[in-house]
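Single-structure report; data block below.
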Amino acid sequence: MMHGLSCADARMTAMADPKGFLTTPRQDWPRRPVEERVRDWNEVYVPGALLPVISKQADRCMDCGVPFCHDACPLGNLIPEWNDLVSRGDWRAASDRLHATNNFPEFTGRLCPAPCEAGCVLAINQPAVTIKNVECAIADRAWEDGLTPPRPPERLSGRTVAVIGSGPTGLAAAQQLTRAGHTVAVYERDDRLGGLMRYGIPAFKMEKHHLERRLEQMAAEGTKFRASTVVGLDVGAAELRSRYDALVVATGATAWRELPVPGRELDGIHQAMEYLPLANRVCEGDLALSPLSAAGRHVVIVGGGDTGADCLGTAVREGAASVTQLDIYARPGAERDEDTEPWPTYPKIYRLSAAHEEARDLRTAPAADADARLFAASTLRFTGDADGRVRGLHLVEVDARRRPVPGTGRTLPCDLVLLALGFSGPDRADGLVDQLGLALEPRGTLARDAGFATNVPGVFAAGDAARGQSLIVWAIAEGRAVAAAVDRYLTGDSRLPAPIAPGDRPMAV
């Protein structure tokens, strides 16, 4: 993996407290009491509680010599460097080093599952350094201290680029290309910018003012934004290609996966991305009440990932009578399995998110162990009432090969079902893919070469639309890397960092 700044370039100094990892226990950013936070849509963390503890937490960084956290992070974040700077109280330098590899650390500091912590050397036999919390603290302190001013280019190149999609990939690509001197316009189909960060991620995970600040910074740098514009419908894709020197397709993987079982046509069964945007629009003030509100309903969420957890936290705040989340995988263990997931790979272990904690403490989870999740559960069919409304979800337990276990069938009462089964590739309903004549991979994602270029000259593909559904840190890395590819296409060379290549994948066994 080629990072923008390699470990060899890093300024590796001794940690402020070389024994910090021996004397200081891990302390995470505390969450607000459940009873308090479920009554609002604010972030779940205690305001102001992070900065007082973060210097000591940064001291836990071991100065390990070979920082595996670098390679666990697709952005190649210079983690030991900014840990050291934070422990010394040099917030300006820490911000500079953090922003050298990450355009939006306040996003990743809140939304990324932190594969860097899985790769922390300390995590071999102790709780890892709170890398994600340190990152978030640096980013927030940088905004408070005015350390993130707009950085407009000194001169313009005379070249133009259109970026389709304003999610983390599109915004990262646009910011990099704008700062390189190109004239960039970002096209977004929704009425507000931000992609899934705007309407997919609930505000209790990331309040939208963090997004607004970055958009204002980018506008001040010269990036143009075109919201409420569906490329392929409101403006022809071929026409857009003819108006710009290069085009970046970063529309995300918005084609959701279906659940083809009997009863799917019943009322009350919706996709997660039909449900979550409406709740976010209530928070934005567009709606007084979501037409799909979970208030008073018995909710079943099919899908055990982060999107399902977002639905869970949202349903709890809307006042659901009960919420159950189905996960087809068996419940993972509490510790890393060294045989199948050795360090430094990202382990599949039992985790309790803020939303699961809320469902447990408020007793909205019907599961016997008070966890809202039913593991190793597969949906067989839905049944409804005479009015065609869903009233029951029939499931069965499955073994490790997802084969039904005889005698384990049961029915969950429900009147709202949310499907959170992930995404397969870009949505083709707008005509963008077909109008440009873009080639697709067998799995439905956009085909591209080793330089992020599609089969259409001057058109590049990045993010989930090409990589497939992934993490926000990979999305930003894709945006930075495709920006370097476009810059090279336009000018013959580029000094922009390219942290990843299209074929790079997370560390796994």
- request: May I ask you to list the residues in region 81-119 that are open to solvent by less than 20 Å² (accessible area, probe 1.4 Å), among the polar types (S, T, N, Q) and either out of contact with any Gly (no Cβ under 7 Å at 6 or more places or on another chain) or modelled with pLDDT under 95 (or both)?
  value: Asn83, Ser95, Asn102, Asn103, Thr108
Residue that is of a type in the set (Val, Ile, Thr), farther than 30 Å from Asp234 by Cβ and open to solvent by 10 Å² or more (accessible area, probe 1.4 Å), where the choices are Val405, Val417, Val323: Val405
- prompt: Has region 29-39 got any residue that is modelled with pLDDT of 95 or more, under 25 Å from Ala100 (Cα atoms) and out of contact with any Pro (no Cβ under 7 Å at 6 or more places or on another chain)?
  reply: yes
query: What tally of residues in region 256-293 results from selecting those that are under 18 Å from Gly422 (Cα atoms) and among the hydroxyl-bearing types (Ser, Thr, Tyr)?
result: 1
query: Could we say that Arg351 is of a type in the set (D, E, K, R), open to solvent by less than 40 Å² (accessible area, probe 1.4 Å) and out of contact with any strand residue (DSSP E or B) (no Cβ under 8 Å at 6 or more places or on another chain) here?
result: no
query: Looking at region 175-203, which of its residues are charged (D, E, K, R) and either assigned to a helix (DSSP H, G or I) or in contact with a Phe, Trp or Tyr (Cβ under 8 Å, 6 or more places away or on another chain) (or both)?
result: Arg179, Glu188, Asp190, Arg192, Arg198
- prompt: Looking at Gly468, Gly492, Gly451, Gly503, which is the one that is touching a residue at least 60 places away in the same chain (Cβ under 8 Å) and either more than 15 Å from Pro115 (Cβ to Cβ) or open to solvent by less than 40 Å² (accessible area, probe 1.4 Å) (or both)?
  reply: Gly468
field: Filtered residue count, region 474-506, keeping only those that are basic (Lys, Arg) and within 20 Å of the chain's Cα centre (by Cα)
entry: 2
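In region 435-448, how many residues are touching a residue at least 60 places away in the same chain (Cβ under 8 Å) and either hydrophobic (A, V, I, L, M, F, W, C) or over 27 Å from His270 (Cα atoms) (or both)?
4
Here is a yes/no grid of residues against (1) free of Cβ contacts under 8 Å to residues at least 40 places away in the same chain; (2) more than 17 Å from Val231 (Cβ to Cβ); (3) of a type in the set (Ser, Thr, Tyr); (4) crowded, with 22+ Cβ neighbours inside 10 Å:
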| site | (1), (2), (3), (4) |
| --- | --- |
| Val161 | no, no, no, yes |
| Ser166 | no, no, yes, yes |
| Gly170 | no, no, no, yes |
| His182 | no, yes, no, yes |
| Ala185 | no, no, no, no |
| Asp191 | yes, no, no, no |
statement: Per the list (1) open to solvent by 20 Å² or more (accessible area, probe 1.4 Å); (2) at positive phi, residue check on Gly463 breaks on (1)
field: Every residue from region 55-80 that is open to solvent by 60 Å² or more (accessible area, probe 1.4 Å) and under 22 Å from the mean Cα position of the chain (by Cα)
entry: Phe68, Asp71
message: Test of understanding: among Gly285, Gly305, which residue is surrounded by fewer than 17 Cβ atoms within 10 Å (Cβ to Cβ) and at positive phi?
response: Gly285
Pro442 surrounded by fewer than 22 Cβ atoms within 10 Å (Cβ to Cβ) and not in a helix (DSSP H, G or I): yes
query: For Pro426, all conditions in the list (1) over 30 Å from Thr229 (Cα atoms); (2) surrounded by 18 or more Cβ atoms within 10 Å (Cβ to Cβ); (3) in contact (Cβ under 8 Å) with a residue 60 or more places away in the chain hold save one; what is the number of the exception?
result: (1)
Output for region 157-215, where each listed residue is within 24 Å of Gln271 (Cα to Cα) and aromatic (Phe, Trp, Tyr): Tyr199, Phe204
- line: Checked region 445-456 for anything closer than 11 Å to Ala466 by Cβ, of a type in the set (Gly, Ala, Ser) and part of a loop (DSSP other than H, G, I, E, B); matches are Ala447
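The values are calculated or read from the model by the stated rules, or taken from the named source; none is laboratory data. The model shown is predicted, which means the values in this text are computed figures rather than measured ones. With ideal geometry, Cβ positions are generated from the backbone for all residues, glycine too; neighbour counts draw on all protein chains shown. Surface areas here come from the heavy atoms of the whole protein model, side chains and all, with no ligands, DNA or RNA. Shrake-Rupley method; radii C 1.70, N 1.55, O 1.52, S 1.80 Å.
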